[in-house]
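The values are calculated or read from the model by the stated rules, or taken from the named source; none is laboratory data. Computed from a predicted model, the values in this text were never measured in an experiment. Counting neighbours? That spans all protein chains shown, and the Cβs are built from the backbone with ideal geometry, glycine included. Protein only, heavy atoms only, side chains kept; ligands, DNA and RNA dropped before computing areas. Shrake-Rupley method; radii C 1.70, N 1.55, O 1.52, S 1.80 Å.
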Amino acid sequence: MTTARECEDSGREESTLSDAALLELVQRQTFLYFWEGAHPVSGLARDNVGVLSNLENDIVAIGGSGFGVMAIIVAASRAWISRESAATRLTLMLDLLERATCFHGHFPHFMNGSTGAVIPFSRKDDGGDIVETSLLFQGLLCARQYFDQDNEAEKRLRERITCLWRDVEWSWHTRDGRSVLNWHWSPNNGFSLVHEIRGWNECLVTYVLAAASPRYAIDASVYHDGWAQGRSFLNGKSYYGVELPLGPPYGGPLFFSHYSFCGLDPRGLKDIYADYWRQNTHHVQINFEHCVHNPGQHKGYGPSCWGLTASDDPEGYNVHTPDEFTCACGYGCGNVAGRCCRRHAPDEDNGVISPTAALSSFPYAPDAALRAMRYFYDRLGDQLWGRFGFADAFSQDINWFSKSYSAINQGPIVAMIENYRTGLLWSLFMKDPDVQAGLRRLGFRSPDLS
């Protein structure tokens, strides 16, 4: 493997850390986003945190908090924190979630980390967000499995998670029984955003959990007639010589292969549409090959510097892909679902690399991910590395480095590196009996269902 010294001669000298030591350092430093950088009242994950200081607001992200729960589990399992401290933090998070405003059991995209009040994501997006709610419960169901000891504290945690989980009315988001889930519902605007969740994107776990609900499960037809009927669902074409089973041209942003699969184990996971290990590994390979071929001639791109996904950007928050990416957010812009910045332009590869894209791909492409980690740390570290790991994004074209971290990008780094190292979160999520019921209801096959 080519070392960072063989790449562009910029940044600091190559570190003397072993590969294992660097992996541990990056994972542990990134976890601190959800420990030291969490909201001081509730412990929920702030949506964004500055590289040098915390932002002066109370915005917490529901999906990001689900990734935060996973990061805390990893930290406890690795003894970075005690199991008791992890349980105490999760108790604090549940204290706010139980009293927070919810909508048929669903939580909003953003809420106030002190009060639990809704912070509207947009003018009409001021109610329940089923996708953010599913990312939260992906983490909470892992916690329900992890905290399995027979003591009062952990027993109470399991009970509280189960109560919240059983109260989520997943079927409500079928909008009067239609065969597709809708992303948003508002007490003021109803389903007026009319944002149907059709694949392929980051929302597979949303359908799995909606089918897994003990009280409000969707029928399998919602998955097959809704999710699997998206215009960007089936693909079958090859890019850079790699066949892509599902998704838009070139696969779209890499978080498609990360968000749902922090919990869902893609190894051996299949249904009538795809082998999901093949889908994800091929998606990552196409993204990698695009950066190696570098058709846009962006500075720094190559086998040691790759990874396109949604992240901070010199123009704001944006989605970065090898090809133009059609809007799916319901607001008519060219941006990624649920993270609309309303720029009303198609997004593509503009020279911005997001460290989370490569680092969260460790299970799928460990050699390439390690090579990128080495480059980010050894060659760009003085500009990119900070108190909570690697900053959100950078562009060497214009010598721009993000001044912030994002919960939905830091979280998958911790979770997916752990899944590469031990498979911990995959094991916890896939052995949950409700999750298994949901997978079976939708017709999935997996070694975990044997």
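Figures for the structure shown
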{"read-out": "Residues within segment 156-177 that are modelled with pLDDT under 95 and surrounded by fewer than 14 Cβ atoms within 10 Å (Cβ to Cβ), tallied", "value": "2"}
{"read-out": "Of all residues making up segment 136-147, the number that are part of a helix (DSSP H, G or I) and aromatic (Phe, Trp, Tyr)", "value": "2"}
{"read-out": "Gly37 touching a Lys or Arg at 6+ places or on another chain (Cβ under 7 Å), of a type outside the set (A, V, I, L, M, F, W, C) and modelled with pLDDT of 95 or more", "value": "yes"}
{"read-out": "Single residue of Ala337, Ala328 found to be among the small types (Gly, Ala, Ser) and either in contact with a helix residue (DSSP H, G or I) (Cβ under 8 Å, 6 or more places away or on another chain) or modelled with pLDDT of 95 or more (or both)", "value": "Ala337"}
{"read-out": "Residue count, segment 380-407 (criterion: touching a residue at least 60 places away in the same chain (Cβ under 8 Å), in contact with a helix residue (DSSP H, G or I) (Cβ under 7 Å, 6 or more places away or on another chain) and crowded, with 23+ Cβ neighbours inside 10 Å)", "value": "6"}
{"read-out": "Qualifying residue in segment 408-422 (condition: surrounded by fewer than 24 Cβ atoms within 10 Å (Cβ to Cβ) and assigned to a strand (DSSP E or B))", "value": "no"}
{"read-out": "Subset of segment 225-264 [under 21 Å from the mean Cα position of the chain (by Cα), buried (at least 21 other Cβ atoms within 10 Å of the Cβ) and part of a loop (DSSP other than H, G, I, E, B)]", "value": "Leu244, Gly247, Pro248, Gly252, Pro253, His258, Tyr259, Gly263, Leu264"}
{"read-out": "Residue within segment 148-155 that is farther than 30 Å from Arg78 by Cβ, out of contact with any Asp or Glu (no Cβ under 6 Å at 6 or more places or on another chain), open to solvent by 60 Å² or more (accessible area, probe 1.4 Å) and not in a helix (DSSP H, G or I) present", "value": "no"}
{"read-out": "Counted residues, segment 171-222 - those being part of a helix (DSSP H, G or I) and free of Cβ contacts under 8 Å to residues at least 60 places away in the same chain", "value": "4"}
{"read-out": "Any hit, segment 226-239, residues being in contact with a helix residue (DSSP H, G or I) (Cβ under 6 Å, 6 or more places away or on another chain) and farther than 25 Å from Gln436 by Cα", "value": "yes"}
{"read-out": "Residue, nearest to His184 (Cα to Cα), within segment 143-170, restricted to residues that are acidic (Asp, Glu) and in contact (Cβ under 8 Å) with a residue 12 or more places away in the chain", "value": "Glu169"}
{"read-out": "Pairs, first over 13 Å from Phe103 (Cα atoms) and at pLDDT below 95 in segment 114-132, second open to solvent by 10 Å² or more (accessible area, probe 1.4 Å) and among the polar types (S, T, N, Q), C-beta under 9 Å, six or more apart", "value": "Arg123/Asn189; Lys124/Asn188; Lys124/Asn189; Lys124/Ser192"}
{"read-out": "Asp129 being within 17 Å of Leu193 (Cβ to Cβ), among the acidic types (Asp, Glu) and open to solvent by less than 20 Å² (accessible area, probe 1.4 Å)", "value": "yes"}
{"read-out": "Residues that are more than 26 Å from Ala20 (Cβ to Cβ) and not in a helix (DSSP H, G or I), drawn from segment 380-407", "value": "Ala393, Ser395, Gln396, Asp397, Ile398, Asn399, Trp400, Phe401, Ser402, Lys403, Ser404, Ser406"}
{"read-out": "Cβ pairs under 6 Å, 6+ apart, first in segment 421-450 and over 21 Å from Gly226 (Cβ atoms), second in a helix (DSSP H, G or I) and aromatic (Phe, Trp, Tyr)", "value": "Leu428/Tyr146"}
{"read-out": "Matching residues, segment 356-379, being outside any helix (DSSP H, G or I), open to solvent by 10 Å² or more (accessible area, probe 1.4 Å) and touching a Pro at 6+ places or on another chain (Cβ under 7 Å)", "value": "none"}
{"read-out": "Matching residues in segment 23-73 - criterion: being under 21 Å from Arg374 (Cα atoms) and in contact with a Ser or Thr (Cβ under 7 Å, 6 or more places away or on another chain)", "value": "Val51"}
